[in-house]
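Chemist: My structure is below; once you've seen it, I'll send some questions.
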Amino acid sequence: MRILITGSNGLLGQKIVKQCLEKNYIFLATSKGENRVTSLPNEHYVSMDICNSIEIQHAIDSFKPTHVIHTAAITNVDYCEQHEEECTDVNVKAVELLFSICQRKNIHFQLLSTDFVFDGSKGNYSEDDQVGPLSVYAKSKVDAENILLSSTYLNWSILRTIIVYGDGENLSRSNIVLWAKDALIKGDELTIVDDQFRAPTWADDLAWACLRVCELNKKGIYHICGPETMSIYDLVIRIGKYFDLNTDKIDPIKSDTLNQAAKRPPKTGFNISKAKNELGYKPKTIEETLGLL
């Protein structure tokens, strides 16, 4: 198994790299620009722009992967709403480029996707539930998924996930758990939505699942998230209580008061029975992970 990882400077990419190093897997980490992870030896890294077919072709021809794990994407939902063309270029057209090369080379292509492909009307979504994107970002992920789903080439997997959190090095974006912990330590007054429900996912668990799918040569769609669905407000309260921080300054608000550019699904959460049964996936609870941050 030879694994090429896109987005290695991101949180999930860093966790996949870490586990590849621990397992002595043969891998190549790629991101646009320089390697920002000091624990990643430079011989395992090349700069690769996922929108540049020449750079992709060169990296794949040189490394000859058996698997590509594609974590790179624009995931800022409101940014995507206001920059639709850029979102399409990075989240859809880049997938077309990568997937077409993987088809020609008979490489397994793994796409990371999101709970936002659903409209959030019911929650506890299974892999075969009907998608219903509410935003530009969500539609870009549905379009990317459809590139794989409509293909006659079947050597692929899609891993959908929800609010990935954890610690990383030189990250371009924080995540809600780190942000909330920091804000509570500072004693900031916080207004947090109590009408959006999610199942936060420990980045290390998701990285394990990404590699497990490759190890077992699994194909198709897998839902990968944490074991509990909760409101964002309840999540922040639990973070505060775990670290014995004052939660009196956390006020619940409704989503429609925020005037966010992109619409969010009110309730997602996944049925992860398939991942548990086929992959042996055992996600950690919020409290089991907070002490590891």
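Chemist: I'd like to compare 220-233, 25-38, 245-258: which one has the highest average count of other Cβ atoms within 10 Å, and what's the full order after that?
Modeler: Ranking, from highest mean packing down: 220-233, 25-38, 245-258.
Chemist: By the gyration tensor of its Cα atoms, with a ≥ b ≥ c the square roots of the eigenvalues, what is the shape of segment 101-257: rounded for a/c under 1.5, prolate for a/b over b/c, or oblate?
Modeler: In terms of gyration-tensor shape, prolate.
Chemist: Right, another one. Give the accessible area for Ser273 in Å² (nearest 10); use a 1.4 Å probe, count only protein heavy atoms, and leave out ligands, DNA and RNA.
Modeler: 60
Chemist: Checking the table Lys32/Lys218; Lys15/Lys276; Lys241/Lys267; Lys93/Lys219; Lys139/Lys254 against a 26 Å threshold on Cα-Cα, which pairs fail?
Modeler: Lys32/Lys218
Chemist: Ok, one more. How far, in nm, would the chain grow between Lys241 and Thr191 when pulled straight, counting 0.36 nm per residue and subtracting the alpha carbon separation?
Modeler: Residue separation times 0.36 nm, minus the Cα-Cα distance, leaves 16.3 nm.
Chemist: I've got another one for you. Rounded, prolate or oblate, given the Cα gyration tensor of segment 185-293, with a/c below 1.5 counting as rounded?
Modeler: Cα axes put segment 185-293 in the oblate bin.
Chemist: Next up: Please report, largest first and rounded to whole Å, the three semi-axes of the ellipsoid equivalent to the chain, where each semi-axis is the square root of five times an eigenvalue of the C-alpha gyration tensor.
Modeler: 31, 21, 19
Chemist: Expressed as a whole percentage, what fraction of the accessible surface of segment 97-192 belongs to carbon and sulfur atoms when a 1.4 Å probe is rolled over the protein heavy atoms?
Modeler: Exposed carbon and sulfur together represent 48 percent of the surface.
Chemist: Here's another thing I want to ask about it. Let me have the relative contact order for the chain, percent, based on Cα pairs under 8 Å that are six or more residues apart.
Modeler: So the answer I get is 20 percent.
Chemist: Shape of segment 1-74 from its Cα gyration tensor (a ≥ b ≥ c, root eigenvalues): rounded if a/c is under 1.5, otherwise prolate when a/b > b/c, or oblate?
Modeler: Note, shape of segment 1-74 comes out oblate.
Chemist: Got the relative contact order for segment 111-245 handy, in percent, Cα pairs under 8 Å and 6 or more residues apart?
Modeler: 28
Chemist: Report the residues of segment 54-79 in range of a label on Ala261: point 7 Å along Cα→C-beta, backbone N strictly under 17 Å from it.
Modeler: Only 73-79 fall inside the zone, counting backbone N under 17 Å.
Chemist: Taking Cα pairs under 8 Å and at least six residues apart, what relative contact order does segment 1-128 come out at, in percent?
Modeler: 26
Chemist: Now a separate question. In nm, what is the difference between 0.36 nm times the number of residues separating Ser39 and Glu22 and their Cα-Cα distance?
Modeler: 5.0 nm
Chemist: Aspartates and glutamates near Lys284 by alpha-carbon distance under 18 Å, same-chain residues fewer than 8 away left out - which ones?
Modeler: Asp167, Asp204, Asp205, Glu228, Asp234
The values are calculated or read from the model by the stated rules, or taken from the named source; none is laboratory data. Note that the structure is predicted; figures quoted are calculated from it, not measured. Here Cβ is always computed from backbone atoms with ideal geometry, including for glycine, and neighbour counts include all displayed protein chains. Surface accessibility is based on the protein's heavy atoms, side chains included, excluding ligands, DNA and RNA. Shrake-Rupley method; radii C 1.70, N 1.55, O 1.52, S 1.80 Å.
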